[in-house]
Amino acid sequence: MAALIHTLADHSDDVNCCAFSSSRLATCSSDKTIRVYSLADFSELPYSPLLGHAYAVHCCCFSASGRLLASCSTDGSAALWDSRDGRRLAVLQQPGGSPVRVCRFSPEPARLLAGAADGSLVLWGVRPWRACRSGKVKDGSLMACAFSPNGNFFVTGSSSGDLTIWDDKMKCLYNEKAHDLGVTCCDISSHPVSDSENGFEYFQMASCGQDNQLKLWLILFADFLGVELKYKCTLNGHSAPVLACAFSCDGQMIVSGSVDKCVIIYETSTGNTLHTLSQHTRYVTTCAFAPHSHLLATGSMDKTVHIWQLDLKQPCAGDTVENESKVAVEDWSEDDVSAWLRAQDLSDFVGLFKMNNIDGKELLNLTKESLANELKIESLGLRSKVLQKIEELRMTMISVSVPDEFLCPITRELMKDPVIATDGYSYEREAMENWISNRRSSPMTNLPLHSLMLTPNRTLKMAISRWLETQQK
């Protein structure tokens, strides 16, 4: 069971990344800020928000000890902060000033890897703050990176679709074309797995991309043998580009977030779906497991961060049913409705709904009057909560039935005034105008836009109008 226990809504723009230490949660946003919270009660710390970046903050991460917090931005820099008091310790300028898309700390001793839109990557030493090594991928922007557990190797992912393995001297050891249209994120589990064929210990790596796929790999890091990357499997649970992935601290679960607004938690060993979470209303851009507890954080373009408590001893039927609800809620049985109620933290109503034989079709037809008069739910607040969850369920059904080409890639909502940008994709005019007011890159490819001109897509607008007419008949 995955229970939503808290929602953070302090950012005023897209949430781009979230990261845990043993006692803190950090989030960063296109609103140029980094916010830091206590895991004790999810209260924002007195020194938060952290200010200093001139443009959107794309990524944040803690050092292994949790004492250092790093952030990186479109302004071409990475910043280092003291997580105990919020002091800014250093500003690390990327060579050439290219927007820095991703940053990661190595295991102790701490070093910071920063990757930029021009494909450059810099390995920074910590105390003193200096560039130790630098390199560049052969093609595309740096979008993802992850260190091996011993810190002697790291992997990068680029917008060209490549996964590249490097040693800590910035020597390129291996390159694999992994995802069509680009890699968006990657992570390496700290727990080794045995390979029965040769007796070596491999580590599991996950990568995701614009091709809607989450892939699992086995990777061998050996100073005397070099490195080896073996494809394991593809997890195809998402229906749109997958923007984020992360392993749990024990390596037994992998979580992913997508443009389809869903978060999916898989069992690593089998690839089975454990939970599907669909509470975000826009793209899910980031997800992270806490290191020493069953907490999961997910962030979105809806400007919120959801905190989830995972009860690994409980069955996940409720979440599975919610995922299935996108196909045919009206065909749910009474037991399916009960499972859905539990997944929505409405367990107190299970007995009442069963007593009144509420199945999927009855559930969708419930109104505030029937809740009050037929089910005798006296509390206005409880009736409103139930109706809100039912309305979310209805909206989920509608959004799935809409042809994908009619949905704005930014909002994932039906377009009313579609326009074509110079990247060749169509967007809702208002959403795209808001996007380019803060950045000059494509929402779909992350590549620079050659022009900010938006051309009305009248053909698509007519097609949407005709489709709407058929839905009203």
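The set of residues in the range 10-34 being surrounded by fewer than 23 Cβ atoms within 10 Å (Cβ to Cβ), modelled with pLDDT of 95 or more and either in a strand (DSSP E or B) or of a type in the set (A, V, I, L, M, F, W, C) (or both) is empty. Of the residues examined, Leu414 is one that is open to solvent by 40 Å² or more (accessible area, probe 1.4 Å) and either touching a strand residue (DSSP E or B) at 6+ places or on another chain (Cβ under 9 Å) or in contact (Cβ under 8 Å) with a residue 12 or more places away in the chain (or both).
May I ask you to list the residues in the range 38-54 that are in a strand (DSSP E or B) and more than 11 Å from Asp10 (Cα to Cα)? Once the filter is applied, which keeps residues that are in a strand (DSSP E or B) and more than 11 Å from Asp10 (Cα to Cα), the range 38-54 yields Ser38, Leu50.
What do you reckon, is Ser465 out of contact with any Ser or Thr (no Cβ under 7 Å at 6 or more places or on another chain) and closer than 22 Å to Ser141 by Cα? For Ser465, the condition - out of contact with any Ser or Thr (no Cβ under 7 Å at 6 or more places or on another chain) and closer than 22 Å to Ser141 by Cα - is not met.
Residues in the range 181-202 that are modelled with pLDDT of 85 or more and not in a strand (DSSP E or B) were compared, and the one that is surrounded by the most Cβ atoms within 10 Å (Cβ to Cβ) is Gly182.
The helices (runs of 4 or more DSSP H) found entirely in the range 338-382 that carry 2 or more residues being under 26 Å from Trp308 (Cβ atoms) are 350-355, 360-364.
Only one entry in Ser158, Ser134, Ser141, Ser148 is farther than 15 Å from Ala114 by Cβ and touching a strand residue (DSSP E or B) at 6+ places or on another chain (Cβ under 7 Å), namely Ser148.
Residue-level check: of (1) in a helix (DSSP H, G or I); (2) at pLDDT 85 or above; (3) surrounded by 18 or more Cβ atoms within 10 Å (Cβ to Cβ), Leu393 misses just (2).
Condition first: under 21 Å from Leu142 (Cα atoms) and either of a type in the set (S, T, N, Q) or not in a loop (DSSP other than H, G, I, E, B) (or both). Now tell me which residues in the range 437-460 satisfy that. Full working, then the answer.
So in the range 437-460, the residues under 21 Å from Leu142 (Cα atoms) come out as 438-450.
Scanning the range 437-460 gives Asn438, Ser441, Ser442, Thr445, Asn446, Pro448.
Of Pro95, Pro49, all but one fail to be in the same structural domain as Met143 (by the TED database), in contact with a His (Cβ under 9 Å, 6 or more places away or on another chain) and open to solvent by 30 Å² or more (accessible area, probe 1.4 Å); the exception is Pro49. For the condition of a type in the set (A, V, I, L, M, F, W, C) and touching a Leu at 6+ places or on another chain (Cβ under 7 Å), Cys185 qualifies. Could you check, for the range 253-264, whether at least one of its residues is basic (Lys, Arg) and either under 17 Å from Ala2 (Cα atoms) or touching a Cys at 6+ places or on another chain (Cβ under 8 Å) (or both)? Looking through the range 253-264, at least one residue is basic (Lys, Arg) and either under 17 Å from Ala2 (Cα atoms) or touching a Cys at 6+ places or on another chain (Cβ under 8 Å) (or both). Scan the range 212-228 for residues that are part of a strand (DSSP E or B) and either open to solvent by 20 Å² or more (accessible area, probe 1.4 Å) or more than 29 Å from Asn446 (Cα to Cα) (or both) and jot them down. If the condition is that a residue be part of a strand (DSSP E or B) and either open to solvent by 20 Å² or more (accessible area, probe 1.4 Å) or more than 29 Å from Asn446 (Cα to Cα) (or both), then Lys215, Leu218, Leu220, Phe221, Ala222, Gly226, Val227, Glu228 are the ones that fit.
The set of residues in the range 62-81 being touching a strand residue (DSSP E or B) at 6+ places or on another chain (Cβ under 7 Å) and small (Gly, Ala, Ser) consists of Ser63, Ala64, Gly66, Ala70, Ser71, Ser73, Gly76, Ser77, Ala78, Ala79. Of Asn150, Asn175, all but one fail to be surrounded by fewer than 20 Cβ atoms within 10 Å (Cβ to Cβ) and part of a loop (DSSP other than H, G, I, E, B); the exception is Asn150.
Taking Leu163, is it out of contact with any Lys or Arg (no Cβ under 6 Å at 6 or more places or on another chain) and either open to solvent by 10 Å² or more (accessible area, probe 1.4 Å) or without any contact (Cβ under 8 Å) to a residue 40 or more places away in the chain (or both)? For Leu163, the condition - out of contact with any Lys or Arg (no Cβ under 6 Å at 6 or more places or on another chain) and either open to solvent by 10 Å² or more (accessible area, probe 1.4 Å) or without any contact (Cβ under 8 Å) to a residue 40 or more places away in the chain (or both) - is not met.
For the range 327-372, filtering for residues that are open to solvent by 50 Å² or more (accessible area, probe 1.4 Å) and among the aliphatic types (A, V, I, L, M) leaves 2.
Yes/no per residue for (1) crowded, with 22+ Cβ neighbours inside 10 Å; (2) under 21 Å from Phe289 (Cα atoms):
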residue: Cys60; (1), (2): yes, yes
residue: Gly66; (1), (2): no, yes
residue: Gly86; (1), (2): no, no
residue: Val91; (1), (2): no, no
residue: Pro107; (1), (2): no, yes
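Evaluate the range 239-251: report whether one residue or more is small (Gly, Ala, Ser), part of a loop (DSSP other than H, G, I, E, B) and within 13 Å of the chain's Cα centre (by Cα). Within the range 239-251, one or more residues are small (Gly, Ala, Ser), part of a loop (DSSP other than H, G, I, E, B) and within 13 Å of the chain's Cα centre (by Cα).
Pairs linking a residue in the range 114-141 that is free of Cβ contacts under 8 Å to residues at least 40 places away in the same chain and more than 18 Å from Asn152 (Cβ to Cβ) to a residue that is of a type in the set (Lys, Arg) and open to solvent by 30 Å² or more (accessible area, probe 1.4 Å), with Cβ atoms under 8 Å and 6 or more positions apart or on different chains, are Asp118/Lys136; Gly119/Lys136; Gly119/Lys138; Ser120/Lys136.
Scanning the range 111-136 for residues that are open to solvent by 20 Å² or more (accessible area, probe 1.4 Å) and part of a loop (DSSP other than H, G, I, E, B), we see that the one that is modelled with the lowest pLDDT is Arg127.
The values are calculated or read from the model by the stated rules, or taken from the named source; none is laboratory data. Being a predicted model, the structure only gives us computed values, none of them experimental. Virtual Cβ from ideal backbone geometry, glycine too; neighbours counted across all protein chains shown. Quick note on the areas: whole protein, heavy atoms, side chains included, nothing else; ligands and nucleic acids left out. Shrake-Rupley method; radii C 1.70, N 1.55, O 1.52, S 1.80 Å.
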